[in-house]
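No lab work stands behind these numbers, since they all come straight from the coordinates. Computed from a predicted structure; not experimentally measured. Cβ coordinates were reconstructed from backbone atoms using ideal geometry, including for glycine residues, and neighbour counts include every protein chain displayed.
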Amino acid sequence: GAVVSQHPSRVICKSGTSVKIECRSLDFQATTMFWYRQFPKQSLMLMATSNEGSKATYEQGVEKDKFLINHASLTLSTLTVTSAHPEDSSFYICSAPGGGKNIQYFGAGTRLSVL
Amino acid sequence: TQLLKQSPQFLSIQEGENLTVYCNSSSVFSSLQWYRQEPGEGPVLLVTVVTGGEVKKLKRLTFQFGDARKDSSLHITAAQPGDTGLYLCAGLLMDSSYKLIFGSGTRLLVRP
């Protein structure tokens, strides 16, 4: 079946550095991908919609300059957390719709820890 | 603001008991999905309900979509420790965005 691969699965970085997270659709094309953030013991909160070949659409309250999204190909979207701070520590998950409107494939998530 | 509210937020029950999780909204959704998530992993789809009033069964799990497509419920019969996890409902918006909005989540603990 279709798979969405997310990399890295875990990253630890120092405060002030930037971290890039990749989301790949392995056997299907995804013109749209979604990025979510999940804090401990909470649900997934949609951060932004990544659109291939155009600007991402951010949800209210999400800083676009802080969370840079690039969707340069039909199989890859990247989320860069710029100048990361401890409060950015979270579980980041991507997803891509495929095979119909009601089917969405999720990555395994990236655990970001900012020291 | 949580568009989809789930209740209860946390449930701790004994093995063999039944339980129901509710997902409510004032918005109408194109479809509603239920996921289960283990710590440190992405959510795994359990079921998608599309038609108002629809009922789907998956072994001991029964899912129902409200007639007005604003709410849903998940009922687990004879819960087992393996059912422990975070249960999430997610609604697909009526527009063409493919955007999924997740509920607040229900953390279930089934004690042996």
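Legend: ranking of residues A:Cys13, B:Cys89, A:Cys23 from fewest to most surrounding C-beta atoms inside 10 Å; resulting order A:Cys13, A:Cys23, B:Cys89.
In the Gaussian network model of chain B, springs joining C-alpha atoms below 10 Å, which of B:Tyr35, B:Tyr98, B:Tyr22 carries the largest mean-square fluctuation? Most flexible of the set in this elastic network: B:Tyr98.
For the Cα trace of chain A, dividing Rg by the Kirkwood Rh returns an Rg/Rh value of 0.95. Of all lysines in the structure, the ones whose alpha carbon falls short of 19 Å from that of B:Lys99, not counting any fewer than 8 places away in one chain, are A:Lys55, A:Lys64, A:Lys101, B:Lys5, B:Lys70. Legend note: in the protein assembly as shown, cysteines whose Cβ sits 4.7 Å or more from every other cysteine Cβ are A:Cys13. Could you work out the local net charge near B:Tyr87, counting Lys and Arg as +1, Asp and Glu as -1, over the other residues with Cβ closer than 10 Å to its Cβ? It works out to a net charge of +1.
Panel order for B:Val21, B:Val28, by other beta carbons found within 10 Å of each beta carbon, from fewest to most: B:Val28, B:Val21.
Going from the residue with the fewest nearby Cβ atoms within 10 Å to the one with the most, B:Arg107, A:Arg10 rank A:Arg10, B:Arg107. Between the C-alpha center of the stretch B:23-80 and that of the stretch A:10-74 there is a gap of 26 Å.
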